[in-house]
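Comments concern the structure below.
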Amino acid sequence: MNTATPFSGAAHDGLNRGVAPVTYGQGDRPPRGDYGRAKSDYTCEQLHERYTETDHDTYRRLFARQRAQLPGLACEEFIDAVERLGSPDCIPSLAEISHRLKPVSGWELVAVPGLIPEEAFFALLAERRFPVTDWIRRPEEFDYVVEPDIFHDLFGHVPLLFNPLFADYMQAYGRGGLKASRLEACEQLARLYWYTVEFGLIDTPKGLRAYGAGILSSAGELMHSVRSPAPLRLPFDLERLMRSRYRIDSFQSTYFVIESFQQLFDATAQDFAPIYPRVRAVPDIEAGEVLPHEKVISLR
Ligand code: PHE
Ligand code: CO
């Protein structure tokens, strides 16, 4: 899961609605999920035997639809790792995936009832524990679900946790989140998550590819983000990105492109404490807005 997330992609009306980062208690409805069984760190047990045949079937169909679209659109690191999620035919056991993941990158998966408060989220990431929502959308939500479910969290986020560098980035983000909370800069930091972990694109020798979980778990946005001439694509620039607002109710109109995971890791290693006030002193930039001097990346 995450705090920032979209869900599955194009709804019938073409929208890919999402929820904002920092979602707990936000909006007019309580988060979905049974929080009564969560511990104080918001983790809970994955009650695997409670999934119904319909649940497993929903997972199988989502997985098949998404996997078929990956070639040419998803980055290789993601494609290579997606098979490590185990059988695509039924909802996997998080413990089983952790068993394979931990020796590779030191991460484990923990179940959560749904969206959790941002501090709890940061704390889990800082401990290399990735929270995965344990419920799956209902069949009528196949194309659109308002909150991240187990399909988004697993299929979208977990493959790159097998990549050592990206795995380190996620932990650094968690630690950075705890620090941003103290500095009251969560909004700026959440934009970094949004435009990288959820909606990031990467330039590769074979062309643009997606690495963001929100894109990779979305039926419609994967093609849109990589191939559509409509959205703006800008080179990754930390402060530009922290100033950039985003839309949660449609496909993104701006994507940021990294050259490599190493670039992302290196660019975010510096101390953000002096950056936050600098970023907040200048105006935010709207989604889809280009500044006069900016060079956009065009499709090859
Ligand atoms: N370097 C950041 C800080 O000092 C922490 C961070 C690292 C945040 C990586 C996000 C990603 O706050
Ligand atoms: Co997410």
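The values are calculated or read from the model by the stated rules, or taken from the named source; none is laboratory data. The shown structure was predicted, so the numbers you read here are calculated from the model rather than taken from an experiment. FYI the Cβ positions are ideal-geometry reconstructions off the backbone, even for glycines, and counts take in every protein chain you see.
Quick notes on this structure:
Table: residues versus (1) under 23 Å from Asp266 (Cβ atoms); (2) away from ligand 2 (no atom under 16 Å from the Cβ).
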site	(1), (2)
Val158	no, no
Leu161	yes, no
Tyr169	yes, no
Ala185	yes, yes
Ala190	yes, no
Asp203	yes, yes
Val226	no, yes
Pro235	yes, yes
Met242	yes, yes
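- Candidates Phe256, Phe265 - the one that is assigned to a helix (DSSP H, G or I), within 15 Å of ligand 1 (Cβ to nearest atom) and in contact with a Phe, Trp or Tyr (Cβ under 6 Å, 6 or more places away or on another chain): Phe265
- Take the conditions (1) modelled with pLDDT under 95; (2) assigned to a loop (DSSP other than H, G, I, E, B); (3) more than 16 Å from ligand 2 (Cβ to nearest atom); Gly36 misses just one of them, which is (2).
- Apart from one condition, Lys102 fits all of (1) touching a residue at least 12 places away in the same chain (Cβ under 8 Å); (2) surrounded by fewer than 23 Cβ atoms within 10 Å (Cβ to Cβ); (3) outside any loop (DSSP other than H, G, I, E, B); the exception is (1).
- Residues located in region 135-173, provided they are buried (at least 20 other Cβ atoms within 10 Å of the Cβ), more than 16 Å from ligand 1 (Cβ to nearest atom) and not in a loop (DSSP other than H, G, I, E, B): Ile150, Phe151, His152, Asp153, Leu154, Phe155, Gly156, Val158, Pro159
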